[in-house]
Amino acid sequence: QVQLVESGGGLVQAGGSLRLSCAASGPTFSSYAMGWFRQAPGKAREFVAAITSSSSSTLYSNSVKGRSTISRDNAKNAMYLQMNSLKPEDTAVYYCAAGSTIVSIKVGGVNIWGKGALVTVSS
């Protein structure tokens, strides 16, 4: 069973950038589609981005499209989310997720969750 650990969260000013990382343990990381979700205080968890196992395709939510890039390195068992032009409304706990396909991940079909990393964007 793959385990996921997020890192790279923290406090950043509006307009700044941040790169989140997701480290995976286990030999089957490369077989999973991967994604990022976020949950702001008092709100439901929402889809952010997803990437296929081979990095051939990606999906983004409208809220981050054009400002964020999801990527992965199967040799390092790692996935990343580069976020630019951050806004206060990007403040949330960001979760790493593994699933079967990017389409299923987008609608919440997640097999494995990380524990989350807090990103705070100050105005």
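Brief remarks on what is shown
- Identification of strands (runs of 3 or more DSSP E) wholly contained in region 49-123 with 1 or more residues that are open to solvent by less than 40 Å² (accessible area, probe 1.4 Å) and among the aliphatic types (A, V, I, L, M) yields 68-73, 78-83, 92-99, 117-122.
Condition check ((1) touching a helix residue (DSSP H, G or I) at 6+ places or on another chain (Cβ under 8 Å); (2) open to solvent by 30 Å² or more (accessible area, probe 1.4 Å); (3) in contact (Cβ under 8 Å) with a residue 24 or more places away in the chain) across all residues:
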position	(1), (2), (3)
6	no, no, yes
15	no, yes, yes
20	no, no, yes
29	yes, no, yes
32	no, yes, yes
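- Among the residues of region 25-44, those identified as within 12 Å of the chain's Cα centre (by Cα) and not small (Gly, Ala, Ser) are 34, 36, 37, 38, 39.
- Condition broken by residue 48, with the remaining ones in (1) in contact with a Ser or Thr (Cβ under 9 Å, 6 or more places away or on another chain); (2) in contact (Cβ under 8 Å) with a residue 60 or more places away in the chain satisfied: (2)
- Yes/no for residue 59 being out of contact with any Asp or Glu (no Cβ under 8 Å at 6 or more places or on another chain), hydrophobic (A, V, I, L, M, F, W, C) and under 15 Å from residue 8 (Cα atoms): no
- Any hit, region 36-44, residues being open to solvent by less than 60 Å² (accessible area, probe 1.4 Å), assigned to a loop (DSSP other than H, G, I, E, B), among the charged types (D, E, K, R) and touching a strand residue (DSSP E or B) at 6+ places or on another chain (Cβ under 9 Å): no
The values are calculated or read from the model by the stated rules, or taken from the named source; none is laboratory data. Just so we're clear, the structure is a prediction, and the values are computed from it rather than from any experiment. All Cβ positions, even for glycine, are placed from backbone atoms using ideal geometry, and neighbour counts span all protein chains on display. Each accessible area value is taken on the protein alone, full model and side chains, heavy atoms only, with ligands, DNA and RNA left out. Shrake-Rupley method; radii C 1.70, N 1.55, O 1.52, S 1.80 Å.
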